[in-house]
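The values are calculated or read from the model by the stated rules, or taken from the named source; none is laboratory data. Everything numeric here is computed off the predicted structure, so don't read it as measured data. Glycine also receives a Cβ, built like all others from the backbone with ideal geometry; neighbour counts cover every protein chain displayed. Side chains are part of the model used for accessible areas, which takes the heavy atoms of the whole protein and leaves out ligands, DNA and RNA. Shrake-Rupley method; radii C 1.70, N 1.55, O 1.52, S 1.80 Å.
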Amino acid sequence: IDFAATFDCQRYSQFEQIDVHACEFFSALSQSLNWRELFALPQVPSVVIDALDGAFSEVEWPSNSADAKKFSLALIDEIRKLLPKLSDHTLSTIRQDQIERECPNLWRVGRKNSKEVNKNYLHPFSMDIRDHDSVVLFELDDENVLLLPKPFLMAAACDVIFGSIWSSLGKGAAKLVGDIVEKCVAQACRGQAQTIVEQEIYSVGKSKFEID
């Protein structure tokens with residue numbers, strides 16, 4: 001019961017009947033895990049792709065980042081191709097040969113065999129070794145690929161895009177990624193308020209701060 005209780009997440013009083021019968025333990029644990037993943041999996045709206053595309057054009061990229069920018073934009077184009085094939089609420093499948101043909105870059109950096117995903121995630125205190133957050137394409141077999149519902153896939157897609165930038169530029173990606181995120185936030189705020197304060201510098205004593 002103590003082990004099962006560690007899976008409690010956003011589901012209040014789920015163990016109010018703490019005397020779970022031995023025959024029901026695994027079903028109760030499975031249900032608890034499903035609830036936990038529902039609230040733990042990151043979700044992102046599909047409009048973020050347009051925001052990223054716009055931000056990539058507005059920010060200043062480092063002088064050595066032409067290839068990284070080109071590859072990131074290619075990933076964005078391929079993710080756009082996937083959107084019509086996704087469901088908002090259910091899993092989808094697509095033929096592997098179609099994915100390889102239409103999304104070659106995403107196939108290279110955003111796929112993993114479904115049996116290998118979270119392979120080392122064996123207990124609830126090993127959150128840092130989960131890897132499903134960066135998987136866009138789950139290989140089921142030699143013919144089919146599994147796609148998560150749109151909000152979950154978009155979150156993984158963002159992880160893949162920014163992961164490729166970090167992989168290409170190393171520490172040099174820090175300012176670039178920060179600028180991209182700031183631009184995305186600014187774009188989301190436009191039209192929602194009369195005044196948008198972006199990259200405004202102010203001082204407190206000898207320290208400088210920035211309003212975004």
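Gln98 satisfies every condition listed in (1) assigned to a helix (DSSP H, G or I); (2) crowded, with 16+ Cβ neighbours inside 10 Å except (2).
Report whether or not Lys119 is over 28 Å from Leu82 (Cβ atoms), modelled with pLDDT of 80 or more and open to solvent by 80 Å² or more (accessible area, probe 1.4 Å). No, not satisfied.
Determine which single condition Ser168 fails, assuming it passes every other condition in (1) in contact (Cβ under 8 Å) with a residue 40 or more places away in the chain; (2) closer than 20 Å to Val48 by Cα; (3) open to solvent by 70 Å² or more (accessible area, probe 1.4 Å). Failing condition for Ser168: (2). Looking across Val109, Val136, one residue alone is open to solvent by less than 40 Å² (accessible area, probe 1.4 Å) and in contact (Cβ under 8 Å) with a residue 12 or more places away in the chain. It is Val136. The residue that is most open to solvent (accessible area, probe 1.4 Å), among those in region 82-95 that are more than 17 Å from Trp107 (Cα to Cα) and of a type outside the set (S, T, N, Q), is His89. Just checking, how many residues over region 38-81 are open to solvent by 40 Å² or more (accessible area, probe 1.4 Å), farther than 21 Å from His132 by Cα and assigned to a loop (DSSP other than H, G, I, E, B)? Number satisfying all stated conditions: 5. Those strands (runs of 3 or more DSSP E) of region 140-212 in which at least 1 residues are out of contact with any strand residue (DSSP E or B) (no Cβ under 7 Å at 6 or more places or on another chain) and hydrophobic (A, V, I, L, M, F, W, C), considering only elements entirely within it, cover 200-204.
Only one entry in Leu91, Leu146, Leu153 is farther than 24 Å from Ala66 by Cα and touching a Ser or Thr at 6+ places or on another chain (Cβ under 7 Å), namely Leu146.
The residues of region 173-212 that are surrounded by 10 or more Cβ atoms within 10 Å (Cβ to Cβ) and at pLDDT 85 or above, listed by number, are Ala173, Ala174, Lys175, Leu176, Val177, Gly178, Asp179, Ile180, Val181, Glu182, Lys183, Cys184.
Going through (1) under 30 Å from Thr90 (Cβ atoms); (2) surrounded by 15 or more Cβ atoms within 10 Å (Cβ to Cβ); (3) without any contact (Cβ under 8 Å) to a residue 40 or more places away in the chain one by one, Leu147 falls short only on (3).
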